[in-house]
Amino acid sequence: MRKYSIHKLLFMGALLFGTASCEKYYEPTTSIDEESALTNAGDVETATIGTYAVLLNAAYVRSVHFLMEYPSDEIAQGQSSGDDLTRAYRYTHINTSGHATNFWGQAYKVIAAANKIIAYVPDESSVILRQLKGENLYLRAMMHFNLVRVFGRPYTQQSGSNPGVPLLMDGMSDDAINSITRSSVKEVYDSVIQDLIKAADLMSENKSNSFASKEVAQALLSRVYLYKGENENAIKYADLVIKSGRYKLVQGGEFSSYFKTAPASNQETIFAIRHTKVQDRGFSAIGSMYFSANASGTAEGQGVSGWAEIYASKKYFDFLTKNPADLRSNFISPYTINGVLQYNLKLSPSTPMYYINKYSMQEGVINLSSPVYLRLAEMHLIRAEANAKMGKTAAALEDVNLLRQRAGLSGNQLYTVGNLGTKTVLDVVMEERWLELAFEGHRSYDLFRNNLPMERNYPGTHSLNNTPTTNITQKVLPTDARIIFFIPQAEIDRNPKLTQNP
């Protein structure tokens, strides 16, 4: 292995970065030279920024969104599409899925690039280099965690003993991915946790929320521990983020326009995949599937600014609008003409066109958005869920009510031990996660890791699975084979050691 001089790294780090400030802002570039060798601290920074840039690739950010969000019950597909996203929605997965193949390839590209930095920078390096190593450990952990969620069963099933995904670690060659076996779900989680703990220890700089920091690693640790069922640790790391003072729950109009705000200006966002105005992808953007509008941002028919084929489900919309004052209704834009709600008639029965705008209108650009991966509201919900499972009802309801009050609810719209009715405190927490985090890629995981079914009872192309096709019901059990995706066949062809999901 090539030896590197600590003194040279310290010197170059000091020259490159100078004196650290309290909050620094950097913009990711859009390219990475994978063949470049690391020779100094400047190379480390450049390579790290390039690794972040991979997250901007549509093959990653668009594909992983489809895989994580479309199997949920909060959206409805209004018409079949030639795009593989239809199969993600309908649970008719195939082993040649374009989006699964895209995501797998891009995720391991990030991991391989991060591994180079992790291997190059010793733990006892300068503060700046330790920060960069920590960021790469975070990126590796984030990718492995996303991969094991998409291709491995929930940790809570068989205590993580089910097949997960290959762990590509530093010290391995880039092409090792073509010769290693799948680690268990538990082994992947353990590796993710180890990386995140080390990342949090190494990082000390507060960059903008397009980059990793100590709190970003702690926020993801909180989520990972919740998914693993380690509630005390989930609370521990959620508390660290909440009490760090770096973030706050935005209020009122600022909350209503949350997703229209560039991430660096949003005090609630912990980590987002930052897209600038020059990175607007038009009809290829995530938001294009959810929204169509004229130049002023007013909802219009399909094809004006986007495909607008995926809607908020009637199930979700009806639940949300039980409280008309709920500010989260602002993230839905019903398509109306002269005040009359329009229906997509390509299905029988037709489906109401409740456009979703969480991925639209950033900085006034119709299809521009910076997908949010971690935000403070989730930390409160993680803490609430973990407390609920530990029997700490009052603490769980305190976090739930904090978000309900932020959403404009009051009085008997807030929960007390006395007004839960037939609901358990966990029921209330899960409902609040649904309301707050809708369309952000959480819902199906929340259901299945808690051994709950995903039930659709509203119009959408899932009815095409049924006979007759006017039967709008679909129930997916947490034990069903297709709650996870097939390993891409192209990867199995390259690596015969990979086993396929049943």
Sum of -39500 (n - 2.57) over DSSP H runs of 4+, divided by residues of the chain (222 nm, nearest 500): -12500 deg cm²/dmol
Cα centroid separation, segment 59-117 to segment 249-278 (Å): 24
Segment 322-381 and segment 120-169: distance between their alpha carbon centers, rounded to Å: 32
Reachable lysines from residue 475, criterion Cα separation under 23 angstrom, eight or more residues apart if same chain: 314, 315, 346, 423
Residue 123-residue 39 FRET efficiency (beta carbon distance; Förster radius 25 Å; 0.05 resolution): 0.80
Förster-model FRET efficiency, 41 Å R0, residue 338 and residue 414, C-beta, rounded to 0.05: 0.65
Degrees between helix 376-389 axis and first principal axis of the chain (Cα, 0 to 90, nearest 10): 80
J(HN,Hα) series, segment 307-314, from Karplus relation 6.51 cos²θ - 1.76 cosθ + 1.60, nearest Hz, glycine and proline x: 6, 6, 9, 10, 10, 5, 5, 4
Viscosity 0.692 mPa s, 37 °C: Kirkwood-radius Stokes-Einstein D of segment 104-149 over Cα pairs, µm²/s: 305
Sulfur and carbon atoms: percent of accessible area, the chain [1.4 Å]: 53
For residue 374, residues with placed amide H under 5 Å, excluding near neighbours: 270, 271
For the chain, accessible area per residue (1.4 Å probe, heavy atoms of protein chains only), Å²: 37
Linear extension gain, residue 194 paired with residue 350, 0.36 nm per residue minus alpha-carbon span: 51.3 nm
Cross-link partners of residue 277 among aspartates and glutamates (Cα-Cα below 17 Å; sequence separation of 8 or more within a chain): 27, 363
Counted charge near residue 410, where neighbours are those whose Cβ lies closer than 13 Å (Asp, Glu -1; Lys, Arg +1): +1
Charge context of residue 285, other residues only, Cβ under 13 angstrom, K/R +1, D/E -1: +3
Inverse mean reciprocal Cα-Cα distance (Kirkwood Rh) of the chain, Å: 23.4
Segment 433-461-segment 188-219 distance, computed between alpha-carbon centres (Å): 27
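The values are calculated or read from the model by the stated rules, or taken from the named source; none is laboratory data. Being a predicted model, the structure only gives us computed values, none of them experimental. Heads up, the Cβs are rebuilt from the backbone with ideal geometry, glycines too, and the neighbour counts pull from every protein chain shown. Only protein heavy atoms, including side chains, enter the accessible area calculation; ligands, DNA and RNA are left aside. Shrake-Rupley method; radii C 1.70, N 1.55, O 1.52, S 1.80 Å.
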